[in-house]
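Structure first, then comments.
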Amino acid sequence: MVYEFRYLAPRTASELAALLDGHKTDGKILAGGTDLIPNIRNGLMKPRVVIDIKKYEGADRISFGSDGLSMGPAVTINDVLRSKDARERYPVLCGCAHELASHQIRNRATVTGNVVNASPCSDMAPALLCLGASAVIRSATGERIVPFSQFFAGVKKTVLVPGEFLERIVVPAASAGAVGRYMKLKRIAGHDLGIVGVLMTRHEGRLRFAVSSAAPTPVLVDTVTEKDSPDEAARKVLAAVSPISDVRGTREYRVHMIGVYVRRLLAEVR
Amino acid sequence: MKIKLTVNGLLYERDCAEHTTLLRFIREGLGLTGTKEGCGMGECGACTVILNGHAVNSCMVLAAEVDGAVISTIEGEAQGPSLSDIQKSFEKHHAVQCGFCTPGMVMSVKELLVDNRKPSTDEVKEAIEGNFCRCTGYTQIVEAVMDLTGQPDGKGELEHV
């Protein structure tokens, strides 16, 4: 790349927090790099310092414990798909991971990066929303925990403020065993950004839907019940989104396909 | 900064600028120009190399990030005049036309076959979904992999979906 920046790789989480504190305006966190590096290349981001979040001890840890599945900031999409805990306990998380981009990108892109990037078409956000996951956010001054239902603040915006980083994602143990399916409408069968995506989960008698590419942020809809007719369910999901027309599809197409997917999912997810 | 990389079994120690991509380092720093730059943003897969056992787009990796890593590129395939098994099968099935995507395709197939000696056609297609071929040679590529893995009847018909 012609654009020049400094590369720093802190070796502890505290060192990372201190570096971010010192580079609030000119620093960018590098996780998988699959968004950051093209953005720098295309001149959309001009950080003076790139801070690698993958090199500290434990950053790549994915583990299941009493509070659930914990994923550090260096855990890649394919790390999730290779994790026995994720595959056996959180099939919905794996279903969404499998729909994300291409194999090479899944080998590099991280779960944390996919949500911090806060694209409306995030493929991991629907799973994290339906499974009730939380973000463990750290900075030089402390730690806070934000559920993903309150994490996204707009297109490419989250509640993270400069100096903070997403240290862990925790998917609660109570969501283990949730079944569901993510239907992602794409232009081609291979890797593509979604035109629209709908995830439905069913767990302990409770239905949840999450929709990508249909509003400024990924959207959770938890008002649909087993008693609702398919049309009523589709109406509730559509009431929560506000799709736009863009290069990938029109508003009308998105609205229509969300309805189609909600009806299909209600019939298919058992 | 100084970085050390093992590429195709050889250890290289080189100076490199902190903003250099792995792709540029491999091509210009090491002179290994088999790995291609297509789109430069993770769409086309022409720059695919194997990094610590996994296929990645080297255009979206910084050389600085992978100090100490083990990397395989297309140059590591043939031993002298003798092509690797993947290359031989690509040649036999005419899975190469212009050849620009081939180094990346071969690397993606190589990673697939490490853990999966009998992939289905769907698994082959998924392994190469991040590798664009604009000569439309996907059918022959899938056939080359099926034949190589002892499944010569497993055809890779291009499905329009």
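What follows is calculated from the coordinates using simple rules that are stated; it is not laboratory data. Note that the coordinates shown come from a computational prediction; the quantities given were computed from them, not determined experimentally. Positions of Cβ are backbone-derived with ideal geometry, glycine not excepted, and every protein chain shown enters the neighbour counts.
Observations
- Residue that is surrounded by the most Cβ atoms within 10 Å (Cβ to Cβ), among those in the stretch B:59-73 that are within 15 Å of A:Gly33 (Cα to Cα) and more than 8 Å from every other protein chain (Cβ to nearest Cβ): B:Ala63
- Subset of the stretch A:177-192 that is surrounded by 18 or more Cβ atoms within 10 Å (Cβ to Cβ) and of a type in the set (A, V, I, L, M) - its residue that is farthest from A:Ser66 (Cα to Cα): A:Leu185
- The condition of being facing another protein chain (nearest Cβ under 8 Å), within 21 Å of A:Arg41 (Cα to Cα) and not in a loop (DSSP other than H, G, I, E, B) holds for only one of B:Val49, B:Val56, that being B:Val56.
- Residues that are within 14 Å of chain A (Cβ to nearest Cβ) and surrounded by fewer than 21 Cβ atoms within 10 Å (Cβ to Cβ) number at least 3 in the following helices (runs of 4 or more DSSP H) confined to the stretch B:74-161: B:102-115, B:121-127.
- Checked against the criterion of being among the hydroxyl-bearing types (Ser, Thr, Tyr) and surrounded by fewer than 16 Cβ atoms within 10 Å (Cβ to Cβ), the candidates A:Thr112, A:Thr25, A:Thr34 yield just one match: A:Thr25.
- Filtering the stretch A:156-189 to residues that are under 21 Å from A:Pro120 (Cβ atoms) and in contact with a helix residue (DSSP H, G or I) (Cβ under 8 Å, 6 or more places away or on another chain) leaves A:Thr158, A:Val159, A:Leu160, A:Leu166, A:Ile169, A:Gly180, A:Arg181, A:Tyr182, A:Met183, A:Leu185.
- The one condition in (1) within 14 Å of another protein chain (Cβ to nearest Cβ); (2) assigned to a loop (DSSP other than H, G, I, E, B) that A:Ala214 fails to fulfil: (1)
- Selected residue (criterion: nearest to the chain's Cα centre (by Cα)) from residues of the stretch B:10-23 that are more than 8 Å from chain A (Cβ to nearest Cβ) and under 20 Å from A:Val49 (Cα atoms): B:Leu22
- Residues located in the stretch A:47-59, provided they are within 11 Å of another protein chain (Cβ to nearest Cβ) and not in a loop (DSSP other than H, G, I, E, B): A:Val49, A:Val50, A:Asp52
- Selection status of B:Thr35, surrounded by 16 or more Cβ atoms within 10 Å (Cβ to Cβ), within 12 Å of chain A (Cβ to nearest Cβ) and either of a type outside the set (Lys, Arg) or in contact (Cβ under 8 Å) with a residue 60 or more places away in the chain (or both): no
- Residue match in the stretch A:230-239 (condition: surrounded by fewer than 18 Cβ atoms within 10 Å (Cβ to Cβ), acidic (Asp, Glu) and closer than 20 Å to A:Leu128 by Cα): no
- If the condition is being basic (Lys, Arg), in a helix (DSSP H, G or I), out of contact with any Leu (no Cβ under 7 Å at 6 or more places or on another chain) and within 14 Å of another protein chain (Cβ to nearest Cβ), then the stretch A:60-115 contributes only A:Arg82.
Per-residue answers, yes or no, for (1) touching a Pro at 6+ places or on another chain (Cβ under 9 Å); (2) basic (Lys, Arg):
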position	(1), (2)
A:Val50	no, no
A:Arg87	no, yes
A:Ala101	no, no
A:Arg106	no, yes
A:Val111	yes, no
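- Counted residues, the stretch A:27-46 - those being more than 8 Å from chain B (Cβ to nearest Cβ) and polar (S, T, N, Q): 1
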